[in-house]
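To start, the structure itself, in structure tokens.
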Amino acid sequence: MWKNSSLRCLLALAILCFRSLIYSQEIGSLGHAQNLKCVTHNLRKMICSWDVSSKGRRGQTDFCYTTNDLSPPVCFKTKEKRVEIPVPESSTTLTITTNSISGTAFATKEFEIHKKDISFVPLTPRILSLTPDFSTSTLNLKWSDNGSIFPYGLDAFWQIQILRKEAMEKVTQVTYYSKLTHEDIILSWNWTSDMPLECTSHYVKIRCYFNVTQFVGPKDWSDWSPVEEVPGKDTEPNGSGVFPQDTVVTVGSDVTICCVHEEGQQIQRMTYGSEIYPMIHLSSRSSAIRVLNASASDTSGTNVVCILSEDGMDGTVLFVGYAPDIPQNLSCETSNFLVIKCTWKPGRPSGLYGKRRTNYSLFERLSGKNVSCEINEMNRERVCGFPVLADQKTYDFILGVSNPIGQTESSLLVDLTQRVHPKTPEKLTVSGNSSTSVHLRWFINGSFAEIRLLCQIEISSGHYERKLHNVSMPGGKFSTYTAQLNALHPYTKYQLRVRCSAADHFWRWSGWSRIEEHTTLEAPPARGPDIWRERSPSGKSLKIFWKPLSLSEANGKIVSHEVSCYLLETPLEYKEVTEPSNSTEIKLGKNDCVISVVAKNHAGSSPPSRITSVELPSDNVKTDRAMAMGNGIYISWNSYPNMTCGYIVKWCHSSGSEPCSVDWQKFPSNTTDAVIKSALFRPGVRYNFSLYGCKSSGYQLLKNITGYMKELPPKRAPNFTVEETSSDSILVKWEDIPIEDCQGFLEGYRLSFAKGEKGVLKPRLSESGNPELKVKNITDLTKKSLKILDLQGKTSYQLDLQAYTAGGLSPPNSLYVVTKEDSVGLIIAILIPVAVVVLLGVVASIFCYQKREWIKETFYPEIPNPENSKALQFQKNICEGNKTLKTLEMNPCTPNSVEVVEARSAAPKIEDTEMMSPAADTTVPEDGSDSETENHVVVSYCPPIIEEEISNPPMDEPVGSSQVVYIDIQSMYQPQIKPEEEPEIDLVTTAGYKPQMQLPISALKIESRSPAEEELDKTAGYRPQANIHAWNMDTPDSPGSAESNNENASFGSPCSINSRQFLLPPKDDEDSPKPSNIGWSFTHFFQNKPND
């Protein structure tokens, strides 16, 4: 029992503990509310949300809130963790109680919310529509601003984002501004894509931000709206093509063109015009190219081609042009008060034609009438007509201009009565029966009854300046107008035309009418002819001259001239001379009379012209030169006070086969100079003038004048000849040039001369640039010869003679002349070189004699006489009969080693030196041999090796350095002394002559040498420095004396190694014979003393 009771008690305790644990866990797992956030979307209600830390299950939440203006709290239950309550004015207290599942409250949290803690986030905008315009690649977006739930006047900002492609790549983001009006307003926004909308899909989304200034809490952007899509052609199953299709863009634009193909195809390339562009991948079915800064296209546009696989092709045409320019110089006028014609200049061409051309319209704002203008694009001037409206004088025009790229306009306000431009007058006629007046009649098409017209008549003829005559008259409706012209010239052919304009408000003249011609009737001549007279050389007749009257003075056609001669009003002679003669001759004898000349035409006679035949005597009449002016001849004269009726200048040609053509000109008495001009004057022609003074009693010759209108160079040079020539001069003479060939006043002659051969083609001397050219200028025109001096004898000269005037030089006249030979000069030319050579020889001899010491020392220095050298004094027979004495002995030796063996002989003899070949039997004594006791001195020496080719050397001859054995040459020439008196000699320092090259062989016994040795002897060793045959060997000391017949020749002087010849002959005393064959040498010329 105890045991069971204990178990029961323990079980009950465990159950109690477990229940208590479960309750305590339930109570601890439900946490307090936290992270409370309140957001308002419309400034009236706010949504508060919170979090609970417990993860377990819970029941409903009790939510209570109180505000300052509501004393009792407002409570309600909610299962969610968010509630919507009104926005407080300032602050509110929130109490959130969390209940358990059983409904027991186990956590309560109180929050105090101020207005600044409330966030304002607008509601997410909703897109109402997204409409694409594929022709312009434009998207139209519409949405509501929900302004009815907000206070009036809030600033709203809308952020719109454009995306494209399947990956929704961001293209652009713009901000749109609006103002809320407390009403729901539908907002609209357009966006033009830089890529055709057909190329790929486009997406749009939007969000907003309201700037509520009175709201103190944080403000933020709304959430993005759901994305609206405009699908591209690449999403359609059968969508394909090149886009945009036949579109128009502005010059300089960046254009994107895409190619959409069907499934299974590939784009090979895309071209714009003739250029291939890199492609931009858009999607699996779409690619594009980008054309930057597009230039103006042709009239037919620029082709865009998309090459597809499997020979597929697609394309489009792009038209690139300009937007229309503002019309320039817009002007409106009327020509008949029926139609208003407006004109303007279009400015820069648009480059677009056909259905894409620029369109014009004319709109009148006062009447509201609009007129479409038909314009030809090829015409530079644009014209548009507008009908004249009844009872309207003022017009306010607006000219509208548009094309697919853009549009513009220009305006003009015009008063029609001030813009009258009449049409060209028609049907002009001219009539008249007078010599000074005509009558005109013309017609103008138009209604000008309300204005006055001003018409202008142009009067012109071939002989008068153009004149304008204005006539004002009232206007009419389609009327004919008339006018009369007076004060015209008789017998004159006139050309007449007319034009008109508005008289009160001048705007523009009409065009000129066609020209009508009319000739007025004749009238008597206005004045008498200009006359002159000349008495014949015999004095019995008088020739009268007159000048024809001008057309304006003749007033008709002159048919004849009446010439009368009166003496005290008594007619002496009368003549009527018909045209075209302008002179006549009358017989006077010795009488004088007054001549009268009258010109006659069909209408009457002119006033008479009179001149007296009296010519007053003149003394010392001089001839002066006139000055050429190029277009005339200038003459001047002194004033003559007694000449009361002026001066007459008469002239004619100075030469010619035809008779002198007389002309004259009259001047008033106060004139002292004049420029005479005539159409007959010619350059280079001389004219002779006579100046007459006019008195009441007659005419007096004052002086003669000659001159040219323009001087020219003479036609040719004077002919000239050579009259005399000498060895240094030429005398030339020339003739005068005829006056007609001078063509000006002769100013001098120019004689040029230079050396030149006849027959050689050369330029003129003046053009040759010859430095020897000489020119003589002769200004004395009376001189007709010239002597040219300082010439060279027997030389050809070219002579050119030219004449010159103020107009220039004449062509040259040339001669070739050869001067005579100069004998004195030839003699002098021979003697001078000879004298110079002799003089130079004398000077050179004197110089050489004075400088003979220096020349001798410089070029031929003195050689010392070896006979005076004691070192080379040989005793007689020193080289005779001694076979053991050898001068040189050559033996093989070790290079650069010297062996000295001293031997003294009992007799003071010097053995001859023998040159030994390395192949000889002579051997070098060894140490301890008997050679030490012999009178033999041997010096072993290896000279510098000079390689010398030896032809065919003996096969058994050893090759190597030769050994040369020297004997002291100085000891050979010393006198005999006793052995005991012989001083010690340093054989090394006193060794004698050293050869300068290797001597391969040497022997004095010629008969004992082999042929090879003889041949080798010829090609080696020292060569004598003189001809051996020039030495005299007859002296006793000579090696070749008669007494010496030894095989080994003895030495009489220093000798070479091989040659056995003396270099210099010995000389014992003054009595020794001299060489007999010593000839003269050039050194004797400088020898001035004997050798010592």
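Quick look at the numbers
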quantity: Length gained when the stretch Asp504-Lys851 is fully extended (0.36 nm per residue, less Cα-Cα span); calculated: 112.3 nm
quantity: Efficiency of FRET from Cβ geometry, Thr175 and Ser309, R₀ 45 Å, rounded to 0.05; calculated: 0.50
quantity: Label-point separation in nm, Glu262 to Lys776, each point 7 Å along Cα→Cβ; calculated: 11.3 nm
quantity: Phi to ³J(HN,Hα) by Karplus 6.51 cos²θ - 1.76 cosθ + 1.60 over region 132-146, Hz, x for Gly, Pro; calculated: x, 10, 5, 5, 10, 6, 10, 9, 10, 10, 10, 7, 9, 8, 6
quantity: Residue order for Ser137, Ser367 - accessible surface, 1.4 angstrom probe, largest first; calculated: Ser367, Ser137
quantity: Over region 698-748: Kirkwood hydrodynamic radius from C-alpha pairwise inverse distances, Å; calculated: 14.3 Å
quantity: Potential extension, Leu789-Leu831 segment - 0.36 nm per residue separation minus Cα distance; calculated: 12.6 nm
quantity: Pair Asp391, Thr104: separation of 7 Å Cα→Cβ label points (nm); calculated: 10.4 nm
quantity: Computed FRET value (nearest 0.05) for Lys493 with Tyr574, which takes r as the C-beta separation and R₀ as 35 Å; calculated: 0.50
quantity: Region 566-634: trypsin sites (Lys or Arg not before Pro) falling in loop per DSSP and having at most 10 other Cβ within 10 Å; calculated: Lys590, Lys622
quantity: Largest-first principal axis extents of the Cα set of region 797-870 (Å); calculated: 104, 30, 16
quantity: Estimated FRET transfer efficiency (Trp221, Leu36; beta-carbon r; R0 25 Å; 0.05); calculated: 0.65
quantity: Using θ = phi - 60° and Karplus 6.51 cos²θ - 1.76 cosθ + 1.60, couplings along region 363-369 (whole Hz; Gly, Pro as x); calculated: 10, 9, 6, 5, 9, x, 8
quantity: Among 815-824, 143-152, the order from most to least packed when residues are scored by Cβ within 10 Å on average; calculated: 143-152, 815-824
quantity: Sequence-separation-based contact order of region 495-633, relative, with Cα cut under 8 Å and 6+ spacing, percent; calculated: 24 percent
quantity: From phi via Karplus (6.51, -1.76, 1.60), per-residue ³J(HN,Hα) for region 232-247 in Hz, x at Gly/Pro; calculated: x, 5, 6, 9, 7, x, 10, x, 7, x, 10, 10, x, 8, 6, 9
quantity: Subset of Lys467/Lys493; Lys666/Lys715; Lys703/Lys783; Lys369/Lys393; Lys543/Lys695 violating a 25 Å alpha-carbon distance limit; calculated: Lys666/Lys715; Lys703/Lys783
quantity: Euclidean distance between Cα centres, region 670-749 to region 82-125, Å; calculated: 135 Å
quantity: Cα-derived Rg to Rh of region 628-709, Kirkwood definition; calculated: 0.98
quantity: Percentage relative contact order, region 568-638, counting C-alpha pairs under 8 Å, at least six apart; calculated: 18 percent
quantity: With DNA, RNA and ligands ignored, accessible area of Thr394 (1.4 Å probe; Å², nearest 10); calculated: 60 Å²
quantity: Net length gained if the chain between Lys758 and Thr136 were fully extended (0.36 nm per residue, minus Cα distance); calculated: 214.3 nm
quantity: Extent along principal axes [Cα atoms of region 717-829; Å; largest to smallest]; calculated: 52, 29, 21
quantity: Amide proton proximity set for Glu615, modelled H, under 5 Å, gap of 5+; calculated: Tyr699
quantity: Distance in nm between pseudo-label sites at Asn370 and Val339 (7 Å out along the Cβ direction from Cα); calculated: 2.2 nm
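The values are calculated or read from the model by the stated rules, or taken from the named source; none is laboratory data. Here the structure is a predicted model, which is why all the values come from computation and not from measurement. A quick note on method: Cβ atoms are made from the backbone with ideal geometry, for glycine too, and the neighbour counts reach across all protein chains shown. Ligands, DNA and RNA are stripped out before the accessible areas are found, and what is left, the full protein with its side chains, is counted by its heavy atoms. Shrake-Rupley method; radii C 1.70, N 1.55, O 1.52, S 1.80 Å.
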